[in-house]
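Trainee: Here it is, the structure in full.
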C-alpha cells in the first residue's frame, strides 16, 4: 500500500500522464479515449482532465501492486510551482524538499516512465530507438524483469507471471493455454493449437471470431466490419507498410544491429530461423524426408506440399475442365498452361 500512496501523490502534484497501451494507440486511463499521437494525448489530458480522481489511474491494476503503471514524463513539471524536472526521481525530491511532501524517493512507486515523441520511439531509461510504440513498451518493461526462470532464463516483472510460466512450461505437463488439455509431446500441443479454432489466440471483439495471427484478425476487421486499415510508418526512412510483420522485419534489417548475416553471401535476415533456412541453399542438404517414398526436401514447407500426393484428397479443382489436383502449385501450373486468361486471378 505504501508504493500506491506515494505514486498517487506524485500523480496529484506533477504532470506525469498515466496511460494504457491499446494496440498501437495510447489510451487515457481516465476516460479510455484513444490517441495515435502522444502530443494529442497530452493535450487531451490537460483539457479534459484538469480535475481528476487519481485512484482512477490505478483502477485496471486492481489490488495487484506488482503491476506497473505506464506514465508519460515528456513535459514533467510540478503542478504547485510549475518548476520543470527531468525525471520522476527529480520531481519527487522537489516535492519533498520544497513542498513538504511525504514522498519516499527511494520507494519503488510501480511507475514505468516514458518520454513519448510524435517522430520517434526512444527508451527513457537507456535511449535505445524502437520501431513502434508497442515495441517501446515491451522494451521498457524488460528493464523491470526482476524474476527469472531457473530452467529457461526467461524474465518476468511479477512473481505471479513467473509462477504461471513455470506451471505451463516446466511442470512436466504440456498444456494448451486456452483449454488446458494435456499432450505427451510439444509437437502434438502445437498441432492442437494450430488446428483447434477455439484455441486460436487472436479474437475479434466485434463478432468473436478467432484467428491464428494478428494480421489475419486485422484483415478480417477491415474487410468484414469495414474498419479503417492500419498502416505502419518507419520514422527513419518514411516508408509505410500495411503488414506489421513486414514493418518489423524492415526496421530490424535496415535500422538495427540485431540482425543475422549469412557468412557465405552476406545476406541479412531478421531472425535466426530465416538464416538457417537460407543456409540450406549453400549446402544442398535435404533434411526433411517423406515417410512414404523417402524423397528429400530442403524445407519443411516443400515436404508438406509433397505429402498431399500420397493422400486421396485433391483440394484444388479447375473451374473450367474440372480436373483436380492435390497440390496448389500443380493447379496453378495447369491454369497458366491451359487457361492463361484466368491465371492472374489464380496467382493472387
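Each reported figure results from applying straightforward, stated rules to the coordinates on display, with no laboratory input. If you're wondering where the values come from, they're calculated on a predicted model, not measured in any experiment. Every residue, glycine as well, gets a Cβ built from its backbone with ideal geometry; the counts of neighbours run over all protein chains shown.
Trainee: Can you sort 319, 267 from fewest to most other Cβ atoms within 10 Å of each residue's own Cβ? Could you put the intermediate results ahead of the total?
Mentor: Values: 319 10, 267 13.
Fewest to most other Cβ atoms nearby, the residues stand as 319, 267.
Trainee: In addition: Using only the Cα atoms of the stretch 51-176, each taken as one equal point scatterer with no solvent, compute I(q) by the Debye sum, divide by I(0), and report log10 of the ratio at q = 0.09 Å⁻¹.
Mentor: -0.36
Trainee: If you rank 341, 236 by fewest surrounding Cβ atoms within 10 Å, what's the result?
Mentor: Fewest-to-most ranking of 341, 236: 341, 236.
Trainee: Next question, about the same structure. Taking the mean number of other Cβ atoms within 10 Å as a proxy for protection, how do you rank 68-76, 195-203 from highest to lowest?
Mentor: 68-76, 195-203
Trainee: For a bin width of 5 Å, list the pair-distance distribution of the stretch 187-248 built from all Cα-Cα distances, rounded to whole %.
Mentor: 4, 17, 21, 18, 16, 13, 7, 4, 1
Trainee: Continuing with the same structure: As I understand it, the value is the acute angle between the Cα axis of helix 328-338 and the longest principal axis of the Cα atoms of the chain; what does it come to in degrees, rounded to 10?
Mentor: Taking the Cα atoms of the chain, the angle to 328-338 is about 60 degrees.
Trainee: Give me the extension gain from residue 191 to residue 318: residue separation times 0.36 nm, minus the current Cα-Cα distance, reported in nm with one decimal. Walk me through the numbers on the way to the answer.
Mentor: Details: separation 127, 0.36 × 127 = 45.72 nm, distance 3.01 nm.
Gain on stretching residue 191 to residue 318: 42.7 nm.
Trainee: Taking a label point 7 Å from the Cα of residue 266 along the Cα→Cβ vector, which residues of the stretch 234-254 have an amide N closer than 19 Å to it?
Mentor: Backbone N within reach: 253-254.
Trainee: Stick to Cα atoms and the Kirkwood definition of Rh, then tell me Rg/Rh for the chain. Numbers along the way, then the final one.
Mentor: Values: Rg = 26.2 Å, Rh = 24.9 Å.
Answer for the chain: 1.05.
Trainee: So what's the angle, to the nearest 10 degrees on a 0 to 90 scale, between helix 38-48 and the longest Cα principal axis of the chain?
Mentor: Long axis of 38-48 versus the principal axis of the chain: about 50 degrees.
Trainee: Next question, about the same structure. Quick check: pseudo-label points 7 Å beyond the Cα along Cα→Cβ at residue 279 and residue 20, how many nm apart are they?
Mentor: About 4.4 nm, to one decimal.
Trainee: Computed FRET efficiency, Cβ-Cβ of residue 173 and residue 212, R0 25 Å: what is it to the nearest 0.05? Spell out each step's value before the answer.
Mentor: Values: r = 24 Å, r/R0 = 0.95.
In this case the efficiency is close to 0.55.
Trainee: Just the Cα atoms of the stretch 231-285: what Rg and Dmax do they give in Å?
Mentor: Values for the stretch 231-285 (Cα only, Rg and Dmax): 13.1, 40 Å.
Trainee: Where does the stretch 2-119 land on Rg(C-alpha)/(2.2 N^0.38 Å)?
Mentor: Relative to the rule-of-thumb radius for its length, the stretch 2-119 sits at 1.00.
Trainee: Can you compute the helix-only [θ] at 222 nm over the chain? Use -39500 (n - 2.57) per DSSP H run of at least 4 residues, normalise by all residues, nearest 500 deg cm²/dmol.
Mentor: -11000 deg cm²/dmol
Trainee: Using a Förster radius of 41 Å, what is the FRET efficiency between residue 55 and residue 235 based on their Cβ-Cβ separation? Nearest 0.05, please. Could the numbers behind the result be given before it?
Mentor: Values: r = 36 Å, r/R0 = 0.87.
Calculated value: 0.70.
Trainee: While we're looking at this one, here's another question. In the P(r) worked out for the stretch 288-347, what percent of Cα pairs fall beyond 14 Å?
Mentor: It works out to 58 percent of all Cα pairs.
Trainee: May I ask for log10 I(q)/I(0) of the stretch 1-52 at q = 0.26 Å⁻¹, from a Debye sum over the Cα atoms as equal point scatterers with solvent left out?
Mentor: -1.02
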